[in-house]
Amino acid sequence: MLGTYAIYQGKDFTDFTMEMDVFAADNDGMGIVWGFTGQDKHHRIIMINDKWPSPALDKVGGPFMKLQQRVGPEEPWYKIIEVVKDSYKPYAEGKHLHWTFSVINGEAKFKREDGLSISANVGRTTGKIGIQLYAQQADFDNIVITPSTVAVNAKGKLATAWSSIKSSR
């Protein structure tokens, strides 16, 4: 289940937030890819409303929402990091949707407009980001990617060391 990728080539991202509007025409696979350094190395969130694939290589057939890591060019292709199966609510077909996705300090968090979400610690990854489709007809609009600035731990840095020296006098 590889599908089609649309990858933003302008910049590599490590920590970021991405929002977008989505219009899904049917019930097949769609999601977000990040940490993309090639077809064989990336992470993804994918949702499928129908019961496909049957049987699934990873033993979790649709409908579902999965957070996965690409493991190589051969089957099973992806390793499941997290899955929403029993509490999965199908995304609305033929209606406008809104997705929010962030990766901050290796913690990936995805949330749909209906409140369904998935998250997991995937470790820090750097690479391109984009969208992924599998047998899906969908429109994506108003895509906004905001790089995050991660706070630096000031302990032991010049400013805090100088402050300690001055306060001891």
Discussion item. Here is a list: Ile45, Ile7. Which entry is out of contact with any Ser or Thr (no Cβ under 7 Å at 6 or more places or on another chain), among the β-branched types (Val, Ile, Thr) and within 15 Å of His98 (Cα to Cα)?
Written reply: Ile45
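Would you check if there is a residue in segment 39-62 being buried (at least 19 other Cβ atoms within 10 Å of the Cβ), under 22 Å from Asp139 (Cα atoms), in contact with a strand residue (DSSP E or B) (Cβ under 7 Å, 6 or more places away or on another chain) and free of Cβ contacts under 8 Å to residues at least 40 places away in the same chain? Give the steps one after another, and end with the answer.
Taking segment 39-62 and keeping what is buried (at least 19 other Cβ atoms within 10 Å of the Cβ), we get 42-49, 62.
If we keep only those that are under 22 Å from Asp139 (Cα atoms) as well, we get 43-49, 62.
Adding the requirement that they be in contact with a strand residue (DSSP E or B) (Cβ under 7 Å, 6 or more places away or on another chain) leaves 43-48, 62.
Within this subset, residues satisfying the condition of being free of Cβ contacts under 8 Å to residues at least 40 places away in the same chain are 62.
So far as segment 39-62 goes, yes, one or more of its residues are buried (at least 19 other Cβ atoms within 10 Å of the Cβ), under 22 Å from Asp139 (Cα atoms), in contact with a strand residue (DSSP E or B) (Cβ under 7 Å, 6 or more places away or on another chain) and free of Cβ contacts under 8 Å to residues at least 40 places away in the same chain.
I'd like the full set of residues that are of a type in the set (A, V, I, L, M) and crowded, with 19+ Cβ neighbours inside 10 Å, limited to segment 121-137.
Matches in segment 121-137: Ile129, Ile131.
From Ala108, Ala6, Ala92, which residue is of a type in the set (A, V, I, L, M), under 24 Å from Asp139 (Cα atoms) and not in a strand (DSSP E or B)?
After ruling out the rest, the residue left standing is Ala92.
When residues of segment 111-138 are filtered for being assigned to a strand (DSSP E or B) and at pLDDT below 95, how many remain? Can you show your working first?
Taking segment 111-138 first, the residues assigned to a strand (DSSP E or B) are 111-112, 117-121, 127-134, 138.
Imposing the further condition that a residue be at pLDDT below 95 reduces the set to 132-134, 138.
Of the residues in that region, 4 qualify.
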Worksheet item: From the set of residues in segment 6-38 that are farther than 23 Å from Glu107 by Cβ and among the aliphatic types (A, V, I, L, M), which is surrounded by the most Cβ atoms within 10 Å (Cβ to Cβ)?
Response: Ala24
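Hey, does segment 143-150 have a residue that's closer than 17 Å to Met30 by Cα, under 18 Å from the mean Cα position of the chain (by Cα) and assigned to a strand (DSSP E or B)?
Keep residues of segment 143-150 that are closer than 17 Å to Met30 by Cα, which gives 143.
In the following step, the residues that additionally are under 18 Å from the mean Cα position of the chain (by Cα) were identified as 143.
This time we only want the ones that are assigned to a strand (DSSP E or B), so: 143.
Yes, the conditions are met somewhere in segment 143-150.
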Worksheet item: If you go through segment 85-110 one residue at a time, how many are more than 21 Å from Leu2 (Cα to Cα), surrounded by fewer than 16 Cβ atoms within 10 Å (Cβ to Cβ) and basic (Lys, Arg)?
Response: 2
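The values are calculated or read from the model by the stated rules, or taken from the named source; none is laboratory data. All figures in this text were calculated on a predicted structure; none of them were measured in a lab. Ideal geometry is used to build each Cβ from the backbone, glycine not excepted, and the neighbour counts take in all protein chains shown.
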